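Some notes on the structure that comes next.
The values are calculated or read from the model by the stated rules, or taken from the named source; none is laboratory data. The structure presented is a predicted model; accordingly, all values stated were derived computationally and were not measured. For neighbour counting, all protein chains shown are included, and Cβ atoms are generated from backbone atoms with ideal geometry for every residue, glycine included. We work out accessible area using only protein heavy atoms, side chains counted, and drop any ligands, DNA or RNA first. Shrake-Rupley method; radii C 1.70, N 1.55, O 1.52, S 1.80 Å.
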Amino acid sequence: LKMSWFWFYLPLHLLMAACLCHSIKAPTTSSQQSFKTDLFNFYHSLILADGKETTIHLLKDIPKRYYFVLEEGRAPAPFTITVTPCDVPIEWSILVHKASANCFLPAGDHDTQEVSKSQKAPSMVSTIFNYKGNSVETYMGMSSHSALYLLEFLSTERDTHITVYLTTDTTSGHLYPELPMDPRIDVIGIGHTTVTLTWKHSPSVLQHRESIQYCLLVNEKHNYKSLCAAETAIRSSGMKLPPTLALSLSPYLLEPQQVMILSNSELSIINKASSGEVRQICMGTKNTYTVPNLSPSTQYYFDVFVVNLLTNASAAYTGTFARTLEEPEPKVTELKDGKVIQVVLDGKKQKFYSLQYQARHKKIQFTLQLCHGQVQVHITKNGKTVALENISGLRYFSLKGKLLDTYLVQLRSTEESNSSVKVQVSPHFHKTLFPLLPESLKIKSFSKLRTCNSVTIAWLGTQEESKYCVYKKKIEEDQVWVELRSADSCSGPESRHKSEKVLCKYFYDINLQRAVTTETIKGLDAGTLYLFDVYLFGPSGIPVRYHSKVVKTRKKC
């Protein structure tokens, strides 16, 4: 049994006319319409290639037809047809025209094949298979007669595309990887942010380990019955997906909305869109995998595809789904009136730190001092948001409510490194424990007043008499960025070495325009970088650190 390429070179309408005419010498009136329909169907058909996967585009409500020819061989032989819908359900069917011997005999033999005038015209075309749905379907047939086969495809929902694979050679290797007898995916572990899956090995993996691998698709919508259906859905949501071969660790250019992560010989492609994200992970021939970085209390759908890297063909395991565990309620720390709490936030985990306060007064004030990093604060009153913002420096939130109102303060780091913040709550009419701050916490240096052994700096004060302490520290050029980046504005002089202290002084001015002080620091080394810090102490003794200033003394004077 083989594809007859002779028919490829013969015009299809001549071929079918000849076959049909030899089979029906004189169609009756009742069979004339059927005869014309059969002829029309075959006339408007295309040849389906043998041994090759063909992509077919379908327009809504417009059938598309393909044909192939099977010649009579020495013995009956099988053929298979695999159809993969790449989007919506389709209808498809296989029709066969079993030609009379006249159709395939040489012209000289036609006289020996007389048909009795009294013989009724046989049915020319019969349907041997039909299917409607969006699953991958394979038809296996056996033919011992010379025959023409017609495949008809129809999409009634919308324009779509499918792939069709016909083969009459069952002795060579399979285009599609084989699935195990049990193609189910088992969920063997569920966590807050992880799901562990396992599946039985494909026989193709055991036979052709170098050219076969598994790819996993993770999404929050539904399972996909084929890799081609998944790719179509991703594209229709506004994302461009690389070809399947790109999943085999081959280099390619990512689209702007794609993120590729390569680690431990595993390739992860995250396709981001407004409708959510779709993750593809290819893990070689491992048949157990733990999917990381999932969201708590979320249902995910998992599909495993076994992919032939040489042919780009794939087969789908039976998809599954699982819901991650709910995240445990975060520990809540009770805030007490006037007490200052310093919180260190883990930037890698991006988790909220929660503080709770039950009001004993109608007016209250939350004070937050950012010590290091970047912090977002979310304050709710009885479950309703009253403040949500990223804070910097010292921030006051004055709120009004009722007695026994419950306030929840949630804090999280907005960067990957750790952040820290101090928090205090007190009745609005009480004096805050934090010092009154000037308009700016910058330290200014005067370049013209620099000498080889002295530097003059200035900073703003307030209308409240406060204590200011100045500290200095020698640093190297390559230490500047690290020192400024790691500075903790909440830490006091207790963390400094005694030798770094320069002086402490008190000052204030009722007129804020004149609330400025200067200080000349002497005894410095020439051509040397110094880091200067000023600490402000309020009545309660809680310090506030000005922004560090780096100044270099003159090398020559």
- Query: With every protein chain in place, what's the accessible area of Tyr176 (1.4 Å probe, Å², nearest 10)?
  - Reply: 40
- Excluding residues fewer than 8 places away in the same chain, name every one of the lysines whose C-alpha is closer than 18 Å to that of Lys498. Lys467, Lys472, Lys473, Lys474, Lys522
- Once you list every other residue whose beta carbon is under 9 Å from the beta carbon of Tyr471, what net charge do they have if Lys and Arg are +1 and Asp and Glu are -1? +2
- Query: Can you count the Lys pairs in the range 332-426 with C-alpha separation below 12 Å, eight or more apart or on different chains?
  - Reply: 7
- Task: Excluding residues on the same chain fewer than 8 positions from Lys221, give the aspartates and glutamates whose Cα lies under 15 Å from its Cα.
- Result: Asp87, Glu231, Glu277, Asp303
- Task: Run the 1.4 Å probe and let me know the accessible area of His208, rounded to the nearest 10 Å².
- Result: 90
- Of the accessible area of the range 443-552, with the probe set at 1.4 angstrom, what percent is carbon plus sulfur? 50
- Message: Against the empirical 2.2 N^0.38 Å scaling, what ratio does the C-alpha Rg of the range 443-552 come to?
- Response: 1.07
- Query: In terms of solvent-accessible area of protein heavy atoms at a 1.4 angstrom probe, what is the ranking of Ser392, Ser155, highest value first?
  - Reply: Ser392, Ser155
- Can you give the accessible area of Arg184, probe radius 1.4 Å, in Å² rounded to 10? 140
- Take the alpha carbon atoms of the range 332-426, find their radius of gyration, then divide it by 2.2 N^0.38 Å using N residues; give the quotient. 1.01
- Sequence-distant or interchain residues sharing an amide H contact under 5 Å with Glu277, placed H: which? Glu220
